[in-house]
Amino acid sequence: MYDLNRVPIGIYEKALPSSFSWEEKLTSAKKAGFDYLEISIDETDERLARLEWSKEEREKLKKLISATGVMIPSMCLSGHRRFPFGSKDGNTRSKALDIMKKAIELSADLGIRTIQLAAYDVYYEEEDEITKAFFIEGMEKSIAMASKAGVMLALEIMDTKFISTILRAMPYITKFNSPWFKIYPDLGNLSAWGSDVEAELELGLPHTVAIHVKETKPGVFKEVPFGEGIVKFAALFKKLKELNYQGPFLIEMWADNSKITTKEDAVRDIYNARIFVKEKMIEGGMVNAKRA
């Protein structure tokens, strides 16, 4: 259960080795001091298969969530990179909608409140006005399903130009005008594009449901160690404090390409990341040092 007197900080599932069991992932997150974990449904067959989990498999994970006290309130749904809504192939678009339907059903069963969408019209194809139109059509159908389930859909600000800024996301927020369709900014991606990140955050604040905390460099969007990139964390946390942002933060990092060999290594790495972020929050006045 959340401590409602402090800023909630979660950890991305992929920050822990894929070889870990769910119990190991949740207990590792707890040992490292995190409030929650964000599940990944990416484009691999292994993780897409989670959408087919049986009732018993879903209940087993729910029991682990209850036993560990580490919630899974959000899902990173990047499977649409492989099966995008904007594809000119009708079978691919049908698969995209099926993935979304099953992701919403899984979210409803597990108590997941927010599905973070990989905001690509297409990824492995060339984009044009047709792919954008198909994307809009897919979003309309997705929002209708999510609304009925009470599950939030949130566009991540991405590593491709299609929705590389909050400014680019806003026309879709305005067009659909739904309380179940918002944005999920990524401090790292915004910084890597060279955006005026503070202005972007101010623009998107009324529609922001959570924020990714990730280190990046110009044009490098993944696997940059905290403290070795260009993201001005303290200044951005200061801005978010001024904007009175009260929502959750999610630390995004990756374990499988690192030198992690034991559970202790994994806990140490995500713990160090949390301490780095908390120190920047304190520096920016986002949290009080006595309550960190």
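The values are calculated or read from the model by the stated rules, or taken from the named source; none is laboratory data. Bear in mind that the values here come from a model prediction, so they are computed numbers and not experimental data. Note that each Cβ is placed from the backbone with ideal geometry, even for glycine, and that neighbours are counted across all protein chains shown.
Taking residue 246 and the conditions (1) of a type outside the set (A, V, I, L, M, F, W, C); (2) at pLDDT 95 or above; (3) in a loop (DSSP other than H, G, I, E, B), which numbered condition does it fall short on, given that it satisfies the others? Checking residue 246 against (1) of a type outside the set (A, V, I, L, M, F, W, C); (2) at pLDDT 95 or above; (3) in a loop (DSSP other than H, G, I, E, B), the one that fails is (2).
Could you check, for segment 261-272, whether at least one of its residues is outside any helix (DSSP H, G or I), out of contact with any Cys (no Cβ under 6 Å at 6 or more places or on another chain) and within 30 Å of residue 174 (Cβ to Cβ)? The answer is no; no qualifying residue exists.
In segment 70-86, which residues are surrounded by 24 or more Cβ atoms within 10 Å (Cβ to Cβ) and either under 16 Å from residue 48 (Cβ atoms) or touching a Cys at 6+ places or on another chain (Cβ under 6 Å) (or both)?
Correct list: 75, 76, 77, 79, 80, 84, 85.
Considering segment 165-201, and only residues there that are among the acidic types (Asp, Glu) and crowded, with 16+ Cβ neighbours inside 10 Å, the residue that is farthest from residue 123 (Cα to Cα) turns out to be 198.
Here's the yes/no breakdown for (1) under 18 Å from the mean Cα position of the chain (by Cα); (2) under 25 Å from residue 157 (Cβ atoms); (3) not aromatic (Phe, Trp, Tyr):
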| position | (1), (2), (3) |
| --- | --- |
| 62 | no, no, yes |
| 71 | yes, yes, yes |
| 81 | yes, yes, yes |
| 98 | no, no, yes |
| 111 | yes, no, yes |
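Tell me, please, whether a residue that is over 30 Å from residue 232 (Cα atoms) and touching a Lys or Arg at 6+ places or on another chain (Cβ under 9 Å) can be found in segment 190-197. Within segment 190-197, not a single residue is over 30 Å from residue 232 (Cα atoms) and touching a Lys or Arg at 6+ places or on another chain (Cβ under 9 Å).
Do you know which residues across segment 160-208 are of a type in the set (Phe, Trp, Tyr) and touching a strand residue (DSSP E or B) at 6+ places or on another chain (Cβ under 6 Å)? Steps first, please.
If we filter segment 160-208 for residues that are of a type in the set (Phe, Trp, Tyr), which is where we start, we get 162, 172, 176, 180-181, 184, 193.
Scanning segment 160-208 gives 180, 181, 184.
Filtering 237, 162, 226 for residues that are assigned to a helix (DSSP H, G or I), modelled with pLDDT of 95 or more and surrounded by 15 or more Cβ atoms within 10 Å (Cβ to Cβ) leaves a single hit, 237. Here the condition is being out of contact with any helix residue (DSSP H, G or I) (no Cβ under 7 Å at 6 or more places or on another chain) and small (Gly, Ala, Ser); of 74, 28, 40, it holds for 74 alone. If you filter segment 249-260 down to residues that are assigned to a loop (DSSP other than H, G, I, E, B) and out of contact with any Leu (no Cβ under 6 Å at 6 or more places or on another chain), you find that the one that is surrounded by the most Cβ atoms within 10 Å (Cβ to Cβ) is 252.
A quick yes/no check of all residues on (1) in contact with an Asp or Glu (Cβ under 8 Å, 6 or more places away or on another chain); (2) surrounded by fewer than 13 Cβ atoms within 10 Å (Cβ to Cβ); (3) under 26 Å from residue 118 (Cα atoms); (4) not small (Gly, Ala, Ser):
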{"site": "5", "(1), (2), (3), (4)": "no, yes, no, yes"}
{"site": "11", "(1), (2), (3), (4)": "yes, no, yes, yes"}
{"site": "18", "(1), (2), (3), (4)": "yes, no, yes, no"}
{"site": "21", "(1), (2), (3), (4)": "no, yes, yes, no"}
{"site": "26", "(1), (2), (3), (4)": "no, no, yes, yes"}
{"site": "33", "(1), (2), (3), (4)": "no, no, no, no"}
